[in-house]
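A short reminder: the numbers here are calculations on the coordinates, not readings from a lab. Since we're looking at a predicted model, the values are computed, not measured. Positions of Cβ are backbone-derived with ideal geometry, glycine not excepted, and every protein chain shown enters the neighbour counts.
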Amino acid sequence: MLSLTSDTGTPWHKAPAGAKLLALLVISVLAFWLSTPAQALAFLGLVTALYLPGGAAFLRQGARLLKPVLPFVVIILAWHWFTGAVAAGIVIVARLVALVALANLVTMTTRLQDMLDRVDDALALLRLPVRWRRRLALSVALVIRFTPVLVQKGTALGQAWRARSVRRPGWRLVLPFALVALDDAERVAEALRARSGDL
Amino acid sequence: MERNITLIALFAALIAALGLVPKFDLASGVPITAQSMGVMLAGTILGARRGALAVLLVLFLVALGLPLLAGGRGGLGVFAGPTVGFLIGWPVAAFVTGWLAGAWRGGAPVLMTAIAAFIGGVIVLYAFGIVGFSLIAGKTLLESTAIMWVFVPGDIVKAVLTGFITEGVLRARPGLARG
């Protein structure tokens, strides 16, 4: 399963996951006090600088992860251009891009296992029953295992459609696709019941 | 209990897969993926509680850093972005859709399920999405509604399709509706 964690080593990879998450939370809250374009752009510059130790490839991966935000940047800036409040628009956009980039940086430099361990710590701290934590761990493992399997089965369904029809496959494929997932769920449940203790 | 866990987990995987399989465009040329329909289907097929849990599981894994959202998006960044309201609204949308669909199952199945999906997956979801956008982007609720309006027609189509697909699934696997 593909993960968003970057293979390019940076000093941030060595920082403990919990510290990174806490810093992200605190900075995200504080960032809403930025009020002038100069402040917001300086914040954006600072976040960009955090990417630099990773080199060009790391920076490119970070930029790729920002792409979904781009349409909103254009919309918000255009809106503020028309209403004549460009300065406010720059503050909003710079803060938005910086915060998304900062959150992405934490994701890119933290391994999935470390994230999971911190979540487990948090759940233990909340005194959730061990049984609940085991169920969560099992669910996480199942999704990670079965998403690629279902993507493969969905692709096969699409190919089967194309082999038989000149029309493009559309929403009709969702019905058999859902049945594939539900039937897999029944089979996995049976296997678990047969092999595992009480969940 | 095993069955509940596997149904929730496999449906979460289905929601992820619906956003990742490139061939599942709903209409040719229109770039709307079937992923948000997966959220409505989670409610109508699994029921309110299990449906909401399946959606929560997807969001949990996205937050941990897996690229499970449509087009391979994921990570903590999506929760800082302008569409975070929609993500927070997803489990609520699945719950409301599932709850209404379950309560109305006695009537005309396709129509009532589609209406349930419309109320949960469009009205409730956009309430969250619009408030989220207005907070992140610094717009008034009215301005945010104007910007988000363009996505509504596609989601209404998905609500109608949810009605048909749910009817087909429950007819093929009648055991599901009983829980």
Would you be so kind as to identify which of A:A194, A:L50, A:L70 lies farthest towards the positive end of the dipole of chain A, taking Lys and Arg as +1 and Asp and Glu as -1 on Cβ and the Cα centre as origin?
-> A:A194
Once you have the Cα-Cα distance between A:A78 and A:L50, take 0.36 nm times their residue separation minus that, and quote the gain in nm to one decimal.
-> 7.2 nm
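Stretch A:L128-A:T155 to full length: gain in nm at 0.36 nm per residue minus the Cα-Cα span?
Details: separation 27, 0.36 × 27 = 9.72 nm, distance 3.91 nm.
Length gained, A:L128 through A:T155: 5.8 nm.
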For the stretch A:24-39, Karplus-derived ³J(HN,Hα) couplings (6.51, -1.76, 1.60; θ = phi - 60°; whole Hz; x for glycine and proline) come out as 4, 4, 5, 5, 4, 6, 4, 4, 6, 8, 5, 10, 10, x, 4, 4
In order over the stretch B:87-98: 3J(HN,Hα) from phi, Karplus 6.51/-1.76/1.60, θ = phi - 60°, whole Hz, x for each Gly or Pro, gives 5, 5, x, 3, x, 5, 4, 5, 5, 4, 4, x
Give me the number: length gained by fully extending A:R164 to A:A88, i.e. 0.36 nm times residue separation minus the C-alpha to C-alpha distance, one decimal in nm.
-> 21.8 nm
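Hey, what did the stretch A:11-115 get for relative contact order, percent, Cα under 8 Å, at least 6 apart? Intermediate results must be reported in sequence, preceding the final value.
Numbers: 73 pairs, mean separation 47.4, N = 105.
45 percent.
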Set Lys and Arg Cβ to +1 and Asp and Glu Cβ to -1, take the dipole of the stretch B:63-179 about its Cα centre, and tell me which of B:T97, B:G85, B:G154 lies farthest positive.
-> B:T97
Most fluctuating residue of B:G71, B:G138, B:G102 in a GNM of chain B with Cα springs under 10 Å: which is it?
-> B:G138
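So if we plug the beta-carbon distance of A:S196 and A:D120 into 1/(1 + (r/R0)^6) with R0 = 25 Å, what FRET efficiency do we get, rounded to 0.05?
Details: r = 19 Å, r/R0 = 0.78.
Efficiency at R0 = 25 Å is approximately 0.80.
Dividing the alpha-carbon Rg of the protein assembly as shown by 2.2 N^0.38 Å yields what?
Values: Rg = 21.3 Å, N = 378, 2.2 N^0.38 = 21.0 Å.
It is 1.01.
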For chain A, what does the alpha-carbon gyration tensor say about shape, rounded, prolate or oblate, given a ≥ b ≥ c as the root eigenvalues, a/c under 1.5 as rounded, and a/b over b/c as prolate?
-> oblate
Using alpha carbon centroids, what distance separates the stretch A:11-70 and the stretch B:127-146, in Å?
-> 24
Relative to chain B, whose Cα atoms define the longest principal axis, helix B:109-118 and its Cα axis are tilted in degrees, nearest 10, by 20
Provide Rg over Rh for the stretch A:11-115; use the alpha carbon set for both Rg and the Kirkwood Rh (inverse mean inverse pair distance).
-> 1.01
Taking Cα atoms, the helix A:70-83 axis meets the longest principal axis of chain A at an angle in degrees (rounded to 10) of 40
How far, in degrees from 0 to 90, does helix A:55-66 lean away from the longest principal axis of the Cα atoms of chain A, to the nearest 10?
-> 70
Under a GNM of chain B (C-alpha, springs under 10 Å), which listed residue has the highest mean-square fluctuation: B:P82, B:P67, B:P153?
-> B:P153
If the cut-off is a Cα-Cα distance under 13 Å, which aspartates and glutamates reach A:K20, setting aside same-chain residues fewer than 8 apart in sequence?
-> A:D114
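Could you sort B:12-18, B:124-130 so that the peptide with the highest average Cβ count within 10 Å comes first and the rest follow in order?
Numbers: B:12-18: 28.9, B:124-130: 21.3.
Descending packing order for the listed peptides: B:12-18, B:124-130.
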